[in-house]
Amino acid sequence: MNRWATVMLVLCAVLAAACAQILGFRPPGHNPFEHRAHVLRGVTCTKCHAGISSAGDEGPLHLPGTAVCRSCHEKPHDDHDCSNCHGLPSTRAAAANARTILRFEHLTHVPRVKGDCVRCHVDIAGGTDVLRPRMATCGSCHQHEAQISTNCDACHVDIRDEGVKPDDHLIHGGNFLREHGVRAAADSQICASCHAERFCVGCHGVTVPALPEKLMFDDPMRAGVHRAGFLARHPEEAKGDPGLCTTCHAPSVCNDCHTKNKLGASTGGKSPHPSGWLGAPGTPNDHGRASWREPELCAGCHGGAGEQLCVGCHKVGAVGGSPHNAAFRSQKRAKTDRPCRMCHGSNL
Amino acid sequence: MRHAVAGAALLAGSVTSSVSSAQYRLRADAYFSAADPSSGLLVLSGEAHKPSWLTAETVVWLGTGDHPGDVMVASVRARDPSGYIDARLGRMLVTAGAIRPVHIDGGDVKVRAPWGTTLEVFGGIPVVSNFQPRDYDWAVGGRVAQRFGEVASLGLSYVQMRETGVVTHEEMGIDAAMQPARWLDAAATAAVDLQTLALSDARISLASRFSKVRLELFAVERSPSHLLPATSLFSALGDVPSGRAGGSILWHAAPRLDVYGEGAGESLAAEPGAEALLRTTLRLDDRGLGALGLELRRESTPGASWSGVRGTARVPLSRLFAASTELELVAPDDPRGRGVVWPWGLVALRFRPFPTWEAASAFEASASPTAVSSLTGLVRLSYVLGAK
């Protein structure tokens, strides 16, 4: 092998190691503790975690030290502390953290599961470093809805300060903005266990001072419906998802903002409508089809008193003809109910 | 060329309270944007620190100029310790099943039975801003739901809004959720406009999670004309729903690397469209305090297609400082004289000297269809009473 090939090989190895480090892959020797291997050799949990069965909400964590290991491993391969290489510091830190943020007693749980620790610590068998039982595991015994969904402080000291990641709630794994509505509809009390009402009203309120992603501008990873250059994109975004804007905004919001920034035709600005928008029957006359697709955008500027603009051409007998499309049906009385009476009323 | 003043003034928010910090968490955020100097904001919010049988929550914001401020939430909540009865009174956002959230001044009572039945009733007058006319005079509604063990739930909701005695909006919703297995989660909602007996909004989501992959199938159908108040002339044009259906995948490719992809086909008033999104996030440490992100997006909408790329970075500089940046480039297929590319960028610095205080400042630069160039300074100062 020539010298350049050797250099390239070394460089690739260094690069691969660097990439692995960046991506979070752990080098050999920094692995989760070998719980599975110990269990398969018949070592019971309490052999190492002595005293855990009677542990209360406070006190030591009952993590075994080097002396406990050496009670079996009489000839260790070196004199260093076993925990330097066996088991992850983050796992021990998580156990210490759980002691602070959770109210939990092994004392009361161990008899209930008849000493079967794996009943709750199910991930032990997979050799993972996540040893704290997931909340779904708790729920497999604590089935009463009220216990789980309305009384967080029975287990969590302060769930909102805890900053717990809801890894058991599938909603947070994907596109939160799109999914949260459909999932919160049925299980809003679960959302409320972590989120105060101000979380919802921050976007869904009638008035919003600044959307969360705008107020917390220093956190670019935060999801938000109006992220980054939304102001430039918003006409495209609105056309791409008809009706979405209306789920939060009143139609008048469009007109208010355009008027304030002098962007509408009514304030001397340029009309937003392209050529061919309005015309006699037989001409392109695009406004009809656009209004069927996005009526809320029309209502944004032409709502309220502006509706008379439409009535002028489309009232019964006028030149514009019927504005209703083929799918239109209504249970309203044409001559008396709003808005029908504007075009069908007897005093036209 | 529009060049906003690239300076920023500091607004100080302070909160004084006689309540114990152990009982309530109070927060004040002062926000200032140089692009709109007349709209400085002070947001004050408070909520119970720990759940209790009687709690209160409020969010108030104050502005200047065209934005004098508002009370967003001011409610008192009482509930029995077992969680069977929950009542709220005041200004609140009511989210009851499949019907749209309603922001009202009124009351909301929820009763849960041990066998999984939930009954909710709410009513009130609408919240409006700046004394604007109300879309309706009052609203009343409710929801009844039944949970079937830990596996499924089914709910039926209803809301009616009236103005001068006339029904302006009447909607019924049905919601369902099912989690037959730990790895499978399904939810669906549908809302029907009772004025025209037509579907106004329907959504379904089916998610499945495996060890390193989360898959989701979704579909949405929405009929804008039924989302408008029934008294609006534009609600009488007809029923032309738009819908989309697609799927997404989240792959934890490496311990610190997530890849998210989403694709959907659309029917926009019978015209076809499509959208695609690819996003990667690389955390720079195990806790994710530092992170890099890259996002590619393509929207194919008749008459409004565009492509975009966005890069983000968040880097802790020290125990006190963190820097972040964000850059977005959007290219519309049909510029129509609005510029070929619409760039947007932001550079921010955050300073957190104490757990209770936080300050952040940023410069935001952009070019858009309405401004050839724009440079804006942003400042935020936050104070949290009761933070650890």
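The values are calculated or read from the model by the stated rules, or taken from the named source; none is laboratory data. Quantities reported herein were computed from a predicted structural model and do not represent experimental measurements. Reconstructed Cβ throughout: ideal geometry from the backbone, glycine too, with neighbour counts over all protein chains shown. To get the accessible areas, we keep the full protein, side chains included, count just its heavy atoms, and leave off ligands, DNA and RNA. Shrake-Rupley method; radii C 1.70, N 1.55, O 1.52, S 1.80 Å.
Within 10 Å of each candidate Cβ there may be at most 12 other Cβ atoms; applying that plus a DSSP loop requirement, which trypsin sites (Lys or Arg not before Pro) in the stretch B:255-326 survive? Qualifying residues, ordered by number: B:287, B:319. Computed from backbone phi with θ = phi - 60° and the Karplus coefficients 6.51, -1.76 and 1.60, the 3J(HN,Hα) list for the stretch B:102-110 is 10, 9, 9, 9, x, x, 8, 10, 10 Hz; x is used for glycine and proline.
When chain A is treated as a GNM with alpha-carbon contacts under 10 Å, the residue of A:120, A:254, A:72 showing the greatest mean-square fluctuation is A:72. The Cα center of the stretch B:256-292 and the Cα center of the stretch B:135-171 differ in position by 34 Å.
Each of the GluC sites (Glu not before Pro) that DSSP puts in a loop and that has at most 16 other Cβ atoms within 10 Å breaks chain A; the longest unbroken stretch is A:106-348. Here the contact order of the stretch B:157-290, divided by its residue count and restricted to Cα pairs under 8 Å and six or more residues apart, works out to 14 percent.
Determine which aspartates and glutamates satisfy two conditions relative to residue A:335: a Cα distance under 18 Å, and not lying fewer than 8 residues away in the same chain. Hits, sequence-local ones excluded: A:307.
Rolling a 1.4 Å probe over the heavy atoms of the protein chains gives the protein assembly as shown an accessible area of 51 Å² per residue. If R0 is 35 Å, what FRET efficiency do you get for residue A:61 and residue B:82 from their C-beta distance, rounded to 0.05? E between residue A:61 and residue B:82, to the nearest 0.05, is 0.60.
In the stretch B:107-123, burial by the other protein chains removes 40 Å² or more of 1.4 Å probe accessible surface, compared with the chain on its own, from B:112.
Under the criterion of Cα pairs below 8 Å and six or more residues apart, the relative contact order for the stretch B:266-388 equals 15 percent.
Helix by helix through chain A, keep the DSSP H runs that span 27 Å or more along the axis on Cα and average at least -1.0 on Kyte-Doolittle, and give those back in order. Passing helices, by number: A:3-23. The A-B contact accounts for roughly 10100 square angstrom of buried accessible surface, both chains included, probe 1.4 angstrom.
When you restrict to C-alpha pairs under 8 Å that are six or more residues apart and normalise by the size of chain B, the relative contact order lands at 12 percent. Measuring r between the beta carbons of residue A:154 and residue A:319 and using R0 = 56 Å, the FRET efficiency lands at 0.20.
For chain B, what does the alpha-carbon gyration tensor say about shape, rounded, prolate or oblate, given a ≥ b ≥ c as the root eigenvalues, a/c under 1.5 as rounded, and a/b over b/c as prolate? Note, shape of chain B comes out rounded. Share of carbon and sulfur in the accessible area of the protein assembly as shown stands at 64%, probe radius 1.4 Å. Just checking the listed ones, A:198, A:92, A:70: in the Gaussian network model of chain A with Cα springs under 10 Å, the one fluctuating most is A:70. Rounded to 0.05, the FRET efficiency of the residue A:11 and residue A:105 pair, given R0 = 56 Å and the Cβ-Cβ distance, is 0.55. Panel note: contact residues of the stretch A:300-317 (accessible area lowered by at least 20 Å² against the chain on its own; 1.4 Å probe) correspond to A:307, A:310.
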